[in-house]
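The values are calculated or read from the model by the stated rules, or taken from the named source; none is laboratory data. Source: prediction; values computed, not measured. Neighbour counts are summed over all protein chains in view; Cβ atoms, including those assigned to glycine, are modelled from backbone coordinates with ideal geometry. Each accessible area value is taken on the protein alone, full model and side chains, heavy atoms only, with ligands, DNA and RNA left out. Shrake-Rupley method; radii C 1.70, N 1.55, O 1.52, S 1.80 Å.
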Amino acid sequence: MTRPPDGSPVAPTLAERDRAHLWHPYTQMLTAPSPLPIVRGEGVYLFTEDGRRLLDGISSWWVNIHGHAHPKLNAALAEQASRLEHVVFAGCTHPPAVELAERLVAILPPGLTRVFYSDNGSTTVEVALKLVRQYWINQGQDRRQTFIALHHAYHGDTSGAMSVSEDSLFTRPYASMLFPVVRAHSPYCYRCPLGLERKSCDIECLTDLAKQLEQGQDTIAGVIVEPMLQAAGGMIVWPAEFLAGVRRLCDRFGVLMIADEVLTGFGRTGRMFACEHAGITPDVICLSKALTAGYLPLGVTAATDAVYDAFLSQDRTKTFFHGHSFTANPLACAVAIASLNLFQETHALERVRHLERWLRAGLEPLGALPVVGDVRVIGGVGILELVGDKSSKSAGGYLDHLGPRLADAFLSRGLLLRPLGNILYFMPPYVITESETDWAIQQMREVLSDLRI
Ligand SMILES: Cc1ncc(COP(=O)(O)O)c(C=O)c1O
């Protein structure tokens with residue numbers, strides 16, 4: 001708390017009050033700078049207590065799609081709050097939960113007909129893993145216990161979700177709390193695990209998954225992937241052929257496929273769901289983040305009838321024993337329905353496809369800068385992989401000081417970005433305009449032109 005010259009007390013700032021009691025996610029509380037005191041949001045902008053306007057270039061951790069404080073979403077929330085704020089979802093149901101399930105089943109990849117609600121991305125993954133594991137037990141195939149996950153995966157921060165995420169800085173301290181998982185190559189074309197070039201390869205990286213399935217035979221329960229865009233593990237954009245290949249291999253070896261679309265769902269990759277890029281239906285899909293347009297925490301794990309049917313029995317031990325206090329929260333479901341309405345009214349998918357073209361045109365020329373090793377664009381996500389040297393592709397890891405250095409540089413220009421180490425990405429709400437996108441790209445050009453790694 002700062003005192004004016006006459007010594008009279010001044011109310012502490014929001015950041016000072018925060019510091020007294022709060023503990024932030026992914027934050028080294030000893031060394032991190034003060035948190036940004038955000039007091040208001042509107043469209044693509046956030047406003048700070050001290051009067052700054054920031055363009056939200058990360059959609060507030062990838063959740064926002066229609067812009068902040070949208071009047072129609074606000075109204076849907078207020079209207080639902082005046083009727084029913086929450087009710088237990090074991091033994092009860094309510095209109096928003098039913099309508100949202102109907103609306104989702106109508107747009108999900110065909111065959112995903114059963115909707116299970118939870119609270120966030122990580123819990124949708126926990127639900128998916130438990131569903132798949134018990135699916136096999138309920139059918140007397142107890143040996144199918146093992147999951148295959150991909151290198152560079154990130155599926156969340158709860159124990160099961162961490163288990164199927166890449167063994168990394170994020171998971172290592174908790175290794176004793178995780179279950180063993182088999183890992184297979186992902187199609188990280190810029191750093192191909194087989195040293196091949198995408199222009200001439202035949203998606204040979206898929207053979208690793210085939211090998212693991214072959215070796216695992218009747219012990220594998222399922223394969224979990226982030227379709228088309230592995231996000232926190234490095235913003236890795238896939239060739240659609242890899243995704244199609246995962247489905248083919250799961251079918252061939254008779255195991256279940258889980259698509260974690262927590263980030264990619266609801267248009268982020270230019271299709272409503274990323275699985276559509278390969279025209280496939282997974283056995284189980286995980287949705288969260290943009291499900292409520294970034295308003296409230298809500299998760300959906302949806303499954304096929306075949307998965308659901310394996311739980312139907314007179315034997316009550318075959319029940320899916322999972323639930324959360326806030327399962328199917330009516331406020332969250334009501335906002336999710338309003339968001340789907342807005343999606344149609346605003347032609348959001350076309351907006352994302354236009355944004356994709358705009359990002360490509362603006363970002364590809366940045367590939368000529370000495371520090372830009374790779375430019376990747378998919379849907380509403382533009383990615384620059386930064387390197388110290390283009391031929392060796394040298395780069396520091398997540399803890400490298402480059403990330404915070406860049407974040408500071410952009411912040412001072414009014415652009416909120418959170419690079420993942422050397423991976424700089426731009427993922428704005430879909431309502432961003434061409435001129436706002438151009439402005440953000442110009443900031444990237446200027447900051448990166450001066451950058452030495
Ligand atoms: C693909 C994917 N799965 C799961 C999660 C975890 O979601 P949450 O942070 O809501 O728990 C994330 C979060 O970034 C994600 O990107």
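General observations
- Taken over region 261-277, the residue count meeting the criterion of being open to solvent by 10 Å² or more (accessible area, probe 1.4 Å) and either modelled with pLDDT under 95 or within 12 Å of the ligand (Cβ to nearest atom) (or both) is 2.
- When 82, 60 are screened for being small (Gly, Ala, Ser), farther than 13 Å from residue 339 by Cβ and within 16 Å of the ligand (Cβ to nearest atom), only 60 passes.
- In the set (1) within 16 Å of the ligand (Cβ to nearest atom); (2) over 22 Å from residue 103 (Cβ atoms), residue 320 fails one condition alone, (1).
- Filter pass, residue 121 being buried (at least 16 other Cβ atoms within 10 Å of the Cβ) and farther than 23 Å from residue 383 by Cβ: no
- Single residue of region 227-242 satisfying the filter (open to solvent by less than 10 Å² (accessible area, probe 1.4 Å) and part of a strand (DSSP E or B)) that is farthest from the ligand (Cβ to nearest atom): 236
- Lone qualifier among 193, 180, 187 - being in a loop (DSSP other than H, G, I, E, B) and surrounded by 22 or more Cβ atoms within 10 Å (Cβ to Cβ): 187
- Qualifying residue in region 320-330 (condition: open to solvent by 20 Å² or more (accessible area, probe 1.4 Å) and part of a helix (DSSP H, G or I)): no
- Verdict on residue 175 being assigned to a helix (DSSP H, G or I) and within 15 Å of the ligand (Cβ to nearest atom): no
- Condition met for residue 115 (within 26 Å of residue 272 (Cβ to Cβ), in contact with a helix residue (DSSP H, G or I) (Cβ under 6 Å, 6 or more places away or on another chain) and more than 12 Å from the ligand (Cβ to nearest atom)): yes
- Residues that are surrounded by fewer than 21 Cβ atoms within 10 Å (Cβ to Cβ) and away from the ligand (no atom under 16 Å from the Cβ) occur in region 295-305; there is at least one.
- In the set 188, 174, 154, 117, only one residue is under 19 Å from residue 222 (Cα atoms) and either at pLDDT below 95 or of a type in the set (Ser, Thr, Tyr) (or both); that residue is 154.
- Filtering region 216-226 for residues that are within 15 Å of the ligand (Cβ to nearest atom), open to solvent by 10 Å² or more (accessible area, probe 1.4 Å) and within 29 Å of residue 380 (Cα to Cα) leaves a non-empty set.
- Yes/no for residue 258 being more than 16 Å from the chain's Cα centre (by Cα) and either assigned to a helix (DSSP H, G or I) or surrounded by 24 or more Cβ atoms within 10 Å (Cβ to Cβ) (or both): no
- Candidate set: region 148-159, residues that are open to solvent by less than 50 Å² (accessible area, probe 1.4 Å) and under 19 Å from residue 211 (Cα atoms); chosen: the one nearest to the ligand (Cβ to nearest atom): 153
- Members of region 416-444 found to be over 20 Å from residue 351 (Cβ atoms) and surrounded by 15 or more Cβ atoms within 10 Å (Cβ to Cβ), listed by number: 416, 417, 418, 419, 420, 421, 422, 423, 424, 443, 444
- Selection count where residues are more than 13 Å from residue 260 (Cα to Cα) and either open to solvent by less than 60 Å² (accessible area, probe 1.4 Å) or assigned to a helix (DSSP H, G or I) (or both), scope region 127-147: 12
- Condition broken by residue 162, with the remaining ones in (1) touching a strand residue (DSSP E or B) at 6+ places or on another chain (Cβ under 9 Å); (2) surrounded by 18 or more Cβ atoms within 10 Å (Cβ to Cβ); (3) of a type in the set (A, V, I, L, M) satisfied: (1)
- Those residues of region 174-226 which are in contact (Cβ under 8 Å) with a residue 60 or more places away in the chain and either over 25 Å from residue 129 (Cα atoms) or out of contact with any Lys or Arg (no Cβ under 6 Å at 6 or more places or on another chain) (or both), in sequence order: 190, 191, 209, 212, 213, 216, 220, 222, 223, 224, 225, 226
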